[in-house]
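Every read-out reported here was derived from the displayed coordinates using simple, explicitly stated rules and does not represent laboratory data. None of these values were measured; they are calculated from a predicted model. Cβ placement follows ideal geometry from the backbone for every residue including glycine, while neighbour counts extend to all protein chains displayed.
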Ligand code: EPZ
């Protein structure tokens, strides 16, 4: 999928089933390297390029994979401790191969990872954490060469900056380290809680995941087990915005409302009527134009940076002036030029965008730059007057399962060119 043709001015309403969380599934796939026990994982999002690349990387090092409705993983015969450049470079998540290979086998050779161009995406916090646990890290031609004599050693680690990825790297390495590791100033995202639950199912000793301090008591080896991936809170937020911008009414099934508290409060501020149940959220914005919002992204439980673009779109058609400040990534406003091409009135000032709401966007020929910006431009096409062509939509299938199909079921008119 590289190009979409979208007939706009639609009202998006109906029910949608949310997929498993990409940002929990990716690290959990790589964490399977930590054990020789057989694993079953349910609710893995299907047909995502990032997931497919992660599975290819696992097969490359010797993991046996069977993927029908449930994903079966057998990591007992890993015999390769490096990974090929052409796969590693495609996804940021490939960095999560480093710690498990190192912790279980004492060695790993991984190229510097790829990922969306939303910032420089350094990995210093990952590597510093592993060094503190006793790893030796060298570099050779864009490749990280890690080793340790015997086992890694548990340590107190104060994160100088909150990092989801580095917290996951250190937590995974510490599961097999000798002694106790404390990660202070840890990231608190629900995905980290899910990963800790998965590792504890395999016999790890992790407490405190989801709080600022995570305690890990290392074990000699892990076993097998079964795990179900949590719902994707970012996909959920994306569909709630779809209803909010199109005067629609959408119910999201198979989701977790408590992972979106901050987001739901903002949607209520925008004038949406929100109802929630145990595993569903309904947003009703029928016959209403949203009110503009002021948002500042932050690590969880703050407002998620992965919904920044979608809410920027909401502000472009809202009543009044809204601002969005991005504090997590340094280059995450690339998409605003495309929204301006569609008639949005947006000014960029340092790491803040100011939007002057306009009743309608106009169709245009737009280009995607990263995963979440792609979803935003597709939603913009659904509400703009006329026919919008969205280019480079290969970014979209990195993280959204059947996005055009799910939107068409809600009343959109999207054709894949
Ligand atoms: C994860 O990225 C997610 N990716 C991102 O989702 C998400 O936006 C991000 O967490 C924040 O929630 C996956 O889970 C695959 P970070 P990650 O480490 O781990 C800096 C999406 O759209 N930093 O929390 O890369 C970094 O530059 C993606 O699904 C360092 O300086 O994010 C950033 O400014 C986009 N050194 C900040 O920390 C490091 O070693 C937060 O990054 C690591 C990160």
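Quick notes on this one:
- Exposure proxy ranking, count of Cβ atoms within 10 Å, fewest first, for 368, 188: 188, 368
- Using alpha-carbon coordinates, inclination of helix 190-201 to the longest axis of the chain, degrees: 30 degrees
- Modelled spin-label separation between residue 42 and residue 356, with each label point placed 7 Å from Cα along the Cα-to-Cβ direction: 5.3 nm.
- For 137, 168, the sequence from fewest to most other C-beta atoms within 10 Å is 137, 168.
- Cα gyration tensor category, rounded, prolate or oblate, for the stretch 334-410 with a/c compared to 1.5: oblate
- Using the Cβ-Cβ distance between residue 276 and residue 337 with R0 set to 45 Å, the FRET efficiency from 1/(1 + (r/R0)^6) comes to roughly 0.80.
- Anisotropy class of the chain from Cα gyration tensor, a/c 1.5 cut: prolate
- On the basis of the beta-carbon distance and an R0 of 35 Å, residue 182 and residue 325 show a calculated FRET efficiency of 0.65.
- Full-extension gain in nm, residue 217 to residue 105, via 0.36 nm per residue minus C-alpha separation: 38.5 nm
- With a cut-off of 17 Å on the backbone N, the residues of the stretch 156-171 near the modelled label site 7 Å out from residue 298 along Cα-Cβ are 161-164.
- Least to most buried among 330, 36 (fewest other Cβ within 10 Å first): 330, 36
- Rounded Å value of the spacing that divides the Cα centres of the stretch 20-75 and the stretch 204-269: 19 Å
- Angle of helix 49-61 to the longest C-alpha principal axis of the chain, folded into 0 to 90 degrees and rounded to 10: 10°.
- The calculated 222 nm mean residue ellipticity attributable to helices in the chain amounts to -8500 deg cm²/dmol, summing -39500 (n - 2.57) over DSSP H runs of n ≥ 4 and dividing by all residues.
- For residue 49 and residue 128, a Förster radius of 30 Å and the Cβ-Cβ distance give a FRET efficiency of 0.50, rounded to the nearest 0.05.
- log₁₀ of I(q)/I(0) at q = 0.10, 0.17, 0.19, 0.23 Å⁻¹ - the stretch 241-338, Debye sum with one point per alpha carbon: -0.26, -0.75, -0.93, -1.27
- Rounded to the nearest 10 degrees, the inclination of helix 164-174 to the longest alpha-carbon principal axis of the chain is 20 degrees.
- Rounded to 5, the percent of DSSP beta bridges in the chain classed as antiparallel: 70 percent
- When the Cα gyration tensor is reduced to axis lengths a ≥ b ≥ c, the ratio a/c is 1.5 or higher for the stretch 76-150, and with a/b not above b/c it is classed as oblate.
- For the chain, built as a Gaussian network whose Cα springs stay under 10 Å, the top-fluctuating residue of 300, 335, 85: 85
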